[in-house]
């Protein structure tokens, strides 16, 4: 079970479990490990800690690419732009990303980023 699965699973937990530190052992770890939200190409960062965003976005993009999901929307919110800049910095470094831009008004405007991933067929073959 990957780190992202545990983190995504937190969204559906009661507040007392969702707020606990991941490093703290708990009897509920088996329940947390079994929870997983769908990987459908839309990631809303509002429910996650800012400290988790870099790793979360990386893992989410990699998982979407592995599943053949090539169009993503990452909702980072409008605010002061800190999350947006973090998301964009991560996306620039990922080899799976073909391009990204702020979403159009119908998809969240400057509060979301749309991402196009490279198709799995476009990866170079080992010789």
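Over all pairs of different C-alpha atoms in segment 38-127, the reciprocal of the mean inverse distance, the Kirkwood hydrodynamic radius, equals 13.3 Å.
In segment 75-123, the alpha-carbon atoms span a convex hull of 62 Å³ per residue. With the simple spin-label model, which puts each label point 7 Å out from Cα in the Cβ direction, the residue 66 to residue 47 separation comes to 2.1 nm.
No lab work stands behind these numbers, since they all come straight from the coordinates. None of these values were measured; they are calculated from a predicted model. So basically every Cβ, Gly included, is an ideal-geometry build from the backbone, and we count neighbours across all protein chains shown.
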